[in-house]
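Just below is one structure, and these are the notes that go with it.
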Amino acid sequence: MTVFTEQTRERAREIVSRYPADRSRSALLPLLHLVQAEEGYVSPAGVEFCAEVLGLNKAQVGAVATFYTMYKRKPTGDYLVSVCTNTMCNVLGGQDVYDTLAEHLGVGHDETTADGKITLEHAECLAACDYGPVMTVNYDFFDNVDPRGAVGVVDELRAGGRPMPTRGARLCTLKEMAVQLAGFADEREGAVADGGPGESSLRGLRLAQQHGISAPGFDPNTPIRSKAEADRVAAEAKAKAEAAEKAKADAAAKSAPDAPVKGGDGASAPTGVEPAQPERATGSTTPDVKAPDDKSPQVRTAETRQPDAATAVPDAPGTKVPADSVPPAPRDAQEAEVAGVAANPPASDGKPAGDDAGAQERNLKEAEAGAGGNGADPAVASETGVQK
Ligand code: FES
């Protein structure tokens, strides 16, 4: 497989390392975003890549990739324009926005313009109902759009511009966004600080402030570091701790008495001198300081969330849940199919299996009798509410 670059493989390894070793399959969702970042969609090669990295089969990967709408199964444009046509947005004009864009761009749902710039789709609730009607471009929001505004956005995109979304960071391409969705920080200078939250999003915060409610121990000034910055800080802390350990060991070696001399029979010299205790020899009063954890914050979080080791989980080693990687025997599948066919004989009239042609005939006769008002079966009459 040569489609994927070494950088993608390196990123794949990093994604997998965020999860506990016996739960690596949990890395599938970000991995699918990662392959989408490279090819613009989840291609058969992408499915194969994920299966290979996680030790799954292609059917398992394909089942996940086809379940979620964010994974595209065919090449997409640089900008994915999603228009919400769900209830709230629809009553506020979302369908008009979608219809206008479809006509203006000459494409329908999940189709891409000939220049490869725009893929249009209608979406079912983009979780921003209080800003409806909403549309997103590569998952960044344009709030309270109307048909004219939406056309202006796509025209600017096709002309090479990048209009600013109502909230959040400046626009990037769909492939660039897929990298972020795979769990890698937006490295563009200042992008994370772009755009503030909308007033509707802050309503809860305002009410909490008004009523004196706050989250205990929360520091609103906690910096959000990029991964590169977090890695640099962790590397510095690690180097500092290693240097301190080395200095401590050197000091202990210098101040320790000579090692006891062994006699010819191999026994220690009977001087009553106990082996030097490094801590005592240095006389240090510095409390033991644990070396900083050099795991990434993601791995630490994943480990914290891991349930008790005694909890049976589907893919934990030693649990008795059958491995779904073992396919059923072909003979079992054949028997099941034969049994299913026997239980569902096809109807002779070409209708779906399970329809009883005799029952239809009886129903017809009963209906004719009922229509004439005479001779209706009392049971049928009573069930259908026909009065005698
Ligand atoms: S209905 Fe459109 S965002 Fe919820």
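The values are calculated or read from the model by the stated rules, or taken from the named source; none is laboratory data. Quick caveat, the model's predicted, so the values are computed rather than measured. Glycine gets a Cβ as well: all are built from the backbone with ideal geometry, and neighbour counts include every protein chain shown.
Could we say that SER82 is within 16 Å of the ligand (Cβ to nearest atom) and of a type outside the set (D, E, K, R) here? So SER82 passes the test. Of the numbered criteria (1) of a type outside the set (A, V, I, L, M); (2) within 16 Å of the ligand (Cβ to nearest atom); (3) at pLDDT 95 or above; (4) over 14 Å from PHE142 (Cα atoms), the one TYR98 fails is (4).
Just one of the listed residues (GLU176, GLU189, GLU236) is closer than 30 Å to ARG158 by Cβ and exposed (fewer than 12 other Cβ atoms within 10 Å of the Cβ), and it is GLU189. Among the residues of the range 110-125, those identified as more than 17 Å from ASP155 (Cα to Cα) and surrounded by fewer than 16 Cβ atoms within 10 Å (Cβ to Cβ) are ASP110, GLU124, CYS125. Of all the residues that make up the range 68-87, how many are modelled with pLDDT under 95 and among the hydrophobic types (A, V, I, L, M, F, W, C)? Total meeting the criteria: 1. Contact annotation: residue pairs with Cβ atoms under 6 Å, 6 or more positions apart or on different chains, pairing a residue in the range 77-105 that is more than 13 Å from ALA128 (Cβ to Cβ) and free of Cβ contacts under 8 Å to residues at least 40 places away in the same chain with a partner that is aliphatic (A, V, I, L, M) and within 11 Å of the ligand (Cβ to nearest atom), are TYR98/VAL83.
Results for (1) of a type in the set (Lys, Arg); (2) within 12 Å of the ligand (Cβ to nearest atom); (3) under 24 Å from TYR41 (Cα atoms); (4) loosely packed, with under 14 Cβ neighbours inside 10 Å, shown as yes or no for each residue.
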site: ALA127; (1), (2), (3), (4): no, yes, yes, yes
site: PRO133; (1), (2), (3), (4): no, yes, no, no
site: PRO147; (1), (2), (3), (4): no, no, no, no
site: LEU157; (1), (2), (3), (4): no, no, yes, no
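Within the range 59-76, if we keep just the residues that are touching a residue at least 12 places away in the same chain (Cβ under 8 Å), farther than 30 Å from PRO133 by Cα and not β-branched (Val, Ile, Thr), the residue that is nearest to the ligand (Cβ to nearest atom) turns out to be GLY62.
Taking the residues in the range 135-145 that are near the ligand (Cβ under 10 Å from one of its atoms) and not aromatic (Phe, Trp, Tyr) as candidates, determine which candidate is surrounded by the fewest Cβ atoms within 10 Å (Cβ to Cβ). Among them, the one singled out is ASP143.
Any residue that is farther than 20 Å from GLN180 by Cα and among the charged types (D, E, K, R) - is there at least one of those in the range 26-41? No, the range 26-41 contains no residue that is farther than 20 Å from GLN180 by Cα and among the charged types (D, E, K, R).
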